[in-house]
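Peer 1: Shown below is the structure under consideration.
The values are calculated or read from the model by the stated rules, or taken from the named source; none is laboratory data. Bear in mind the structure is a predicted one, so any value in this text is a computation, not a measurement. Heads up, the Cβs are rebuilt from the backbone with ideal geometry, glycines too, and the neighbour counts pull from every protein chain shown. These area figures cover heavy atoms from the full protein model, side chains too; ligands, DNA and RNA do not enter into them. Shrake-Rupley method; radii C 1.70, N 1.55, O 1.52, S 1.80 Å.
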Amino acid sequence: MAVDFGALNAFLGIRESYQMPDALMAALLDSARRSELLGMVAEGVDGETDPLRDYFQENHANRDAMMQDYTPDCLCELVSRIAPDAPRMLDLCSGTGALTLFTSKPGAEVRCEELSERVLPVLLMNLALRNVGGVVVRRDVCADEAFGAYRLTPGERFSGIEPCDPPEAWPVPLCVSNPPYSLKWSGTDASLRTFGWDLPPKSKADYLFVLDALARLDDDGTAIFILPHGVLFRGASEGKIRRELVERDLIDAVIGLPDNMFMNTGIPVCIVIFKRHKTHDGVLFVDASKGFEKRGKLNVMRGDDITRIVDVYEHRRDIDKFAHVATLDEIRNNDYNLNIPRYVDTFEYVVPPNLIDCMNDLMQIDAEIKAKEREIAESLSRLVGTAHGVDYQKDTRKFIEYLRG
């Protein structure tokens, strides 16, 4: 089953998709209409985690300005299986909330932060459908500015929703995030909560989101980020940040994933896991880029692919062409470059073809080409004779060049 968008639009009193965010928010903030709305949607989703994600991404996502690419279910499942149990969690740049819905445990208090005003109603609806408790804050991470918030209170079946002032951020044991990739930002240090870290470049805010999260973890906190591979090897200020992250021993694992997993971009991504307090040495590198099934235009990780990643993450062991635990000295010797192929060699040796066989094949192909040229020349000679002074039967090569010219 799926959401009946005809019935939903009729309930909201709209005809065009652009009208949905405002109409949905109005219904969610009306307690009587909210119960009816959530009941209607709940009947249609049949356990689906994020029923409006694809609809919203297709009709409302701002890929150009805000780099909005919402997290596919298989990636959410992987993050949820890696994440530790936590009574409180933060979802930074939460979009429609899929990461929160997969990762939060029953009874956990969540804090979702999202800038896009148009996606907030979908996020609130998804959380309320699952009777989640916590707060949703409309926040610009790059400017460290909040514009409003909504309190979610668990009820008998669905969460209540009330506008509120943005509450103070509390330290969390877990943060998950799929932030906008390589977003441009103002680059002003007045907005940073980074305690002496280098500024990320204005052209790429990836590390700004990471540093924002690290500043908000508790002493034993874990942050799980979905990021573009560029954060692993780009230089300049990003290289300095990466060096500091390694030297402070904050990086727990780097997991490379398949490309073409997202609806609107084929960019390959990685999961980088940060820990405030590690209980083991080194950094685990995993190349899971080959573990997927093609479904239409998308690559989807299967259950066995996810289980293999989770197993190697939990046991932290070397597996040929798949995983390696690198020491800090190895990473230093690589000049703090975290590009996965430096640590996991996936090269497959291919036996070169036999030279004699190749020569015989080429000779056979050349003979077939000559035979076809003779056939063409003889056929055309019968049709047009020696027109234009060309003797097709005696000078096949010249005829072929004549046709091409």
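Peer 1: Anything in the stretch 256-265 that is without any contact (Cβ under 8 Å) to a residue 60 or more places away in the chain and under 16 Å from residue 227 (Cβ atoms)? List them, or say none.
Peer 2: Listed by number, the residues that qualify are 258, 259.
Peer 1: Filter the stretch 1-16 down to the residues that are closer than 22 Å to residue 136 by Cβ and within 31 Å of the chain's Cα centre (by Cα), then identify the one that is modelled with the highest pLDDT.
Peer 2: Filtering the stretch 1-16 for residues that are closer than 22 Å to residue 136 by Cβ and within 31 Å of the chain's Cα centre (by Cα), the one modelled with the highest pLDDT comes out as 8.
Peer 1: Another question, if that's okay. Among the candidates 96, 100, single out the residue that is among the polar types (S, T, N, Q), in a helix (DSSP H, G or I) and crowded, with 16+ Cβ neighbours inside 10 Å.
Peer 2: 100
Peer 1: Among the residues of the stretch 317-345, which ones are aliphatic (A, V, I, L, M), over 23 Å from residue 83 (Cα atoms) and not in a helix (DSSP H, G or I)?
Peer 2: Hit for the stretch 317-345 is 344, nothing else.
Peer 1: Still on this model: Within the stretch 238-266, count every residue that is out of contact with any strand residue (DSSP E or B) (no Cβ under 6 Å at 6 or more places or on another chain) and among the hydrophobic types (A, V, I, L, M, F, W, C).
Peer 2: Total meeting the criteria: 4.
Peer 1: Could you list, in sequence order, all residues of the stretch 143-177 that are over 22 Å from residue 223 (Cβ atoms) and of a type in the set (Val, Ile, Thr)?
Peer 2: If the condition is that a residue be over 22 Å from residue 223 (Cβ atoms) and of a type in the set (Val, Ile, Thr), then 153, 161 are the ones that fit.
Peer 1: If we keep just the residues of the stretch 215-234 that are farther than 19 Å from residue 338 by Cα and of a type in the set (D, E, K, R), which is farthest from the chain's Cα centre (by Cα)?
Peer 2: Across the stretch 215-234, the extreme among qualifying residues is 219.
Peer 1: For residue 41, state whether it is under 19 Å from the mean Cα position of the chain (by Cα) and at pLDDT 70 or above.
Peer 2: So residue 41 does not fit the description; no.
Peer 1: Now, a different point. List pairs: first in the stretch 10-29 and touching a residue at least 60 places away in the same chain (Cβ under 8 Å), second of a type in the set (Lys, Arg) and not in a helix (DSSP H, G or I), Cβ under 6 Å, 6+ apart or cross-chain?
Peer 2: Within 6 Å, the pairs are 21/118.
Peer 1: Out of all the residues in the stretch 118-141, is one or more of a type outside the set (A, V, I, L, M, F, W, C), open to solvent by less than 10 Å² (accessible area, probe 1.4 Å) and out of contact with any strand residue (DSSP E or B) (no Cβ under 6 Å at 6 or more places or on another chain)?
Peer 2: So far as the stretch 118-141 goes, yes, one or more of its residues are of a type outside the set (A, V, I, L, M, F, W, C), open to solvent by less than 10 Å² (accessible area, probe 1.4 Å) and out of contact with any strand residue (DSSP E or B) (no Cβ under 6 Å at 6 or more places or on another chain).
Peer 1: Within the stretch 207-258, restricting attention to residues that are of a type in the set (Asp, Glu) and open to solvent by 10 Å² or more (accessible area, probe 1.4 Å), which residue is nearest to residue 110 (Cα to Cα)?
Peer 2: Per the criteria, the residue is 218.
Peer 1: I need the strands (runs of 3 or more DSSP E) fully contained in the stretch 208-316, keeping only those with at least 3 residues that are hydrophobic (A, V, I, L, M, F, W, C), farther than 26 Å from residue 87 by Cβ and at pLDDT 95 or above.
Peer 2: So the answer is 283-287.
Peer 1: Right, something else. Among the residues of the stretch 108-120, are any out of contact with any Ser or Thr (no Cβ under 8 Å at 6 or more places or on another chain), within 20 Å of residue 212 (Cα to Cα) and without any contact (Cβ under 8 Å) to a residue 40 or more places away in the chain?
Peer 2: Yes: the stretch 108-120 contains one or more residues that are out of contact with any Ser or Thr (no Cβ under 8 Å at 6 or more places or on another chain), within 20 Å of residue 212 (Cα to Cα) and without any contact (Cβ under 8 Å) to a residue 40 or more places away in the chain.
Peer 1: Another question, then. Need pairs with beta-carbon distance below 9 Å; first residue under 18 Å from residue 255 (Cβ atoms) and touching a residue at least 40 places away in the same chain (Cβ under 8 Å) and within the stretch 205-233, second of a type in the set (Lys, Arg) and part of a helix (DSSP H, G or I); sequence gap 6+ or separate chains.
Peer 2: Correct list of pairs: 231/242; 232/242; 233/242; 233/342.
Peer 1: So, residue 173, is that one more than 23 Å from residue 35 (Cα to Cα), open to solvent by 10 Å² or more (accessible area, probe 1.4 Å), of a type outside the set (Val, Ile, Thr) and assigned to a strand (DSSP E or B) or not?
Peer 2: Answer is yes for this residue.
Peer 1: Identify, from the list 200, 166, 180, the residue that is without any contact (Cβ under 8 Å) to a residue 40 or more places away in the chain and part of a loop (DSSP other than H, G, I, E, B).
Peer 2: 166
Peer 1: A follow-up question, please. Determine, yes or no, whether residue 47 is at pLDDT below 90 and either open to solvent by less than 10 Å² (accessible area, probe 1.4 Å) or more than 28 Å from the chain's Cα centre (by Cα) (or both).
Peer 2: In short, no.
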